[in-house]
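Data first, discussion second: the structure below is written as structure tokens.
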Amino acid sequence: MADWLADAVLYQIYPQSFADSNGDGIGDLGGVESKLDYLAWLGVNTVWLNPCFASPMFDAGYDIADYYRVDPRYGSNDDLLKLVDSAGRHGIRVLLDFVPGHTSNEHPWFVHSANDPDDHRYIWAAEQGPNFQPSPGSREGFYLPNYFPVQPALNFGYGRENEAEPWRQPVDAEGPRANRQALRDIMDFWMGYGIAGFRVDMAPFLIKDDPGLVETSKLWRDVRAWIDRAHPGTVLLSEWNDPKLAVPAGFDADFFMHYGESRAFRSLFHNRAVYDMTWEDPRPAYFDAAGQGSIDVFLAEWATTAASIGDRGHVILPTANHDWPRLVAGSRTARHARSALVFLLTWPTLPAIYYGDEIGTQYQPGLPDHEGSLLQVFEDGFNRAGSRTPMQWDAADPDVTYLPANPSPTRPDVASQRSDPESNLNLVRELIALRKANPALGARGDVSIVRAGYPFVYRRGEFTVVVNPALRAATVNVTAPGELVLGQGTSYDAAGLHVEGYGYGIYRAARG
């Protein structure tokens, strides 16, 4: 594991919505470069860019037509090289989003495969199986996509045979071998540009029907071993949602996320403002103003995960991402989100800030379906565009017009919050600085639970952290926590620790 990763504060950038440098209304790499001073001021040291490769943009870049070329909407390969170089001079590493599970149906690989029955880089069947799509070329048969029909699944083989599905190929067949080599070739190409690593999309789903993900884990361990030889210090972050499996499979870190069997993230933040999952998670989220949630689900999964992975890797805890609602959504206001930000930046995970969440950017409902933003995984669908709106740099209408900006006259913006010492932005900056200056608050420090409930109290070395997401105030009996280093709505006296609604505090025990 790269030593530098333990000190990383990740910042996810959706490039087309971040900053526009050429006036076409779409964010680009030049725009990202123009904001490096801001990111360095904030304290961010690792940036993750959503896919910026050539694409027809049916799924906003997750349908790649050329892995070796930056899409013209973002600039050129030279612009990416310039960004990486400039970011390095700001003390910031750059990660790319790698999509190995499928391509666009416009990728030359697929165009060739659709016209050559001997090409097995994709999964083809003579008969139309579940979800299979008809061939668009001279080749007879049907191909398997991953999500949208325009995203044909690359063939990495199947974990087991099935007589009823004769199209299944083993993981060592010619097509899967070619795709495994392509993984290395693509990574090697971009690491030559100085890329510090990759966030890997759909990491556990490359090999189909793989019980226990045995073959999938072997694949990634092979990639990991190659990277350690060819590009030591490069990191792999997985979209897996199970660090207990992802880290032993060769990833340096994995996300707790909104979807899948893991309930850790949902139990904290899913307030059903955008879509409902009451059939799966009937209890309210812990960071809910009503104070009816529980931190126990998260703590149980965290304890199991931490014990399993030890010091071999990390868990990443994000504020949100491009596929799911922002931290500020529905009834959760920017003020309410402050306690969540304190928790995210003082818990022993790698924190990941989704662009704009540091100022309290709101999820925007009611936007049109744009570049595949409508996600039909729930009965009523969910429009991801609401989480992809333009970064608000000042009070004026943004230069980025890729999606409509928040029409509210009170929408948050960076310029206003930089000048306000009590803003969410300055809170995030103070938290990052405190974390960097005190390893006990970082990813490697220990944590002990003082009180699980409302408020939630825990210790990180000499620090005691208290967060109260509930609207109601509380007083709890806690041993003298020391001097208040950072906080709002919290105090300590002989009666105990007093925490107002939405209050939070970080205390440092007296030294010596």
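The values are calculated or read from the model by the stated rules, or taken from the named source; none is laboratory data. In this text, all values refer to a predicted model and were calculated from it rather than measured experimentally. Virtual Cβ from ideal backbone geometry, glycine too; neighbours counted across all protein chains shown. The accessibility values were calculated without ligands, DNA or RNA, using every heavy atom of the protein model including side chains. Shrake-Rupley method; radii C 1.70, N 1.55, O 1.52, S 1.80 Å.
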Based on this model, can you work out whether TYR158 counts as modelled with pLDDT of 95 or more, open to solvent by 10 Å² or more (accessible area, probe 1.4 Å), among the hydroxyl-bearing types (Ser, Thr, Tyr) and in contact with a Leu (Cβ under 6 Å, 6 or more places away or on another chain)?
no
Search region 286-313 for residues being in contact with a helix residue (DSSP H, G or I) (Cβ under 6 Å, 6 or more places away or on another chain) and over 22 Å from VAL450 (Cα atoms), and hand back the single one that is surrounded by the most Cβ atoms within 10 Å (Cβ to Cβ).
ILE309
For region 137-155: of the residues being open to solvent by less than 40 Å² (accessible area, probe 1.4 Å) and either of a type in the set (S, T, N, Q) or at pLDDT below 95 (or both), which is farthest from GLY372 (Cα to Cα)?
ASN155
Regarding LYS244, is this residue at pLDDT 95 or above, under 30 Å from ASN468 (Cα atoms) and assigned to a helix (DSSP H, G or I)?
yes
Looking at (1) over 24 Å from the mean Cα position of the chain (by Cα); (2) open to solvent by 30 Å² or more (accessible area, probe 1.4 Å), find the lone condition where ASP188 falls short.
(1)
Can you find a residue in region 28-37 that is touching an Asp or Glu at 6+ places or on another chain (Cβ under 7 Å) and part of a loop (DSSP other than H, G, I, E, B)?
yes
Of all residues making up region 459-490, the number that are among the hydroxyl-bearing types (Ser, Thr, Tyr), surrounded by fewer than 16 Cβ atoms within 10 Å (Cβ to Cβ) and closer than 26 Å to ALA285 by Cα:
1
Scan (1) over 30 Å from GLU163 (Cβ atoms); (2) open to solvent by 20 Å² or more (accessible area, probe 1.4 Å); (3) assigned to a loop (DSSP other than H, G, I, E, B) for the single condition PRO117 breaks and write down its number.
(1)
Can you confirm whether GLU127 is within 30 Å of GLU33 (Cα to Cα) and charged (D, E, K, R)?
no
Look at ILE207 and say whether it is touching a helix residue (DSSP H, G or I) at 6+ places or on another chain (Cβ under 6 Å), open to solvent by less than 30 Å² (accessible area, probe 1.4 Å) and either farther than 30 Å from SER373 by Cβ or among the aliphatic types (A, V, I, L, M) (or both).
yes
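Let's see how each residue does on (1) within 23 Å of ARG177 (Cα to Cα); (2) within 24 Å of the chain's Cα centre (by Cα); (3) open to solvent by 10 Å² or more (accessible area, probe 1.4 Å); (4) not aromatic (Phe, Trp, Tyr):
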residue	(1), (2), (3), (4)
TYR62	yes, yes, yes, no
ASP66	yes, yes, yes, yes
PRO72	no, no, yes, yes
ARG93	no, yes, yes, yes
TRP109	yes, no, yes, no
SER113	yes, no, no, yes
Sort out which residues of region 54-98 are part of a strand (DSSP E or B), among the charged types (D, E, K, R) and farther than 15 Å from GLY192 by Cα, and write them in order of number.
ASP66, ASP97
Hey, could you check region 191-207 for residues that are under 24 Å from ILE92 (Cα atoms) and among the β-branched types (Val, Ile, Thr) and say which is nearest to the chain's Cα centre (by Cα)?
VAL200
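Residue by residue, here is whether (1) in a strand (DSSP E or B); (2) at pLDDT 95 or above; (3) open to solvent by less than 10 Å² (accessible area, probe 1.4 Å); (4) not charged (D, E, K, R) holds:
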residue: VAL315; (1), (2), (3), (4): yes, yes, yes, yes
residue: ALA320; (1), (2), (3), (4): no, yes, yes, yes
residue: ASP323; (1), (2), (3), (4): no, no, no, no
residue: ARG326; (1), (2), (3), (4): no, yes, yes, no
residue: GLY330; (1), (2), (3), (4): no, no, no, yes
residue: ARG335; (1), (2), (3), (4): no, yes, no, no
residue: LEU341; (1), (2), (3), (4): no, yes, yes, yes
residue: TRP347; (1), (2), (3), (4): no, yes, yes, yes
residue: GLY356; (1), (2), (3), (4): no, yes, yes, yes
Regarding region 484-497, can at least one residue be identified that is at pLDDT 95 or above, part of a loop (DSSP other than H, G, I, E, B) and in contact with a His (Cβ under 6 Å, 6 or more places away or on another chain)?
no
Determine the pairs where a residue that is more than 14 Å from PRO248 (Cβ to Cβ), located within region 308-319, has a partner that is assigned to a helix (DSSP H, G or I) with Cβ atoms under 7 Å apart, the partner being 6 or more residues away or on another chain.
LEU317/LEU344; THR319/LEU344
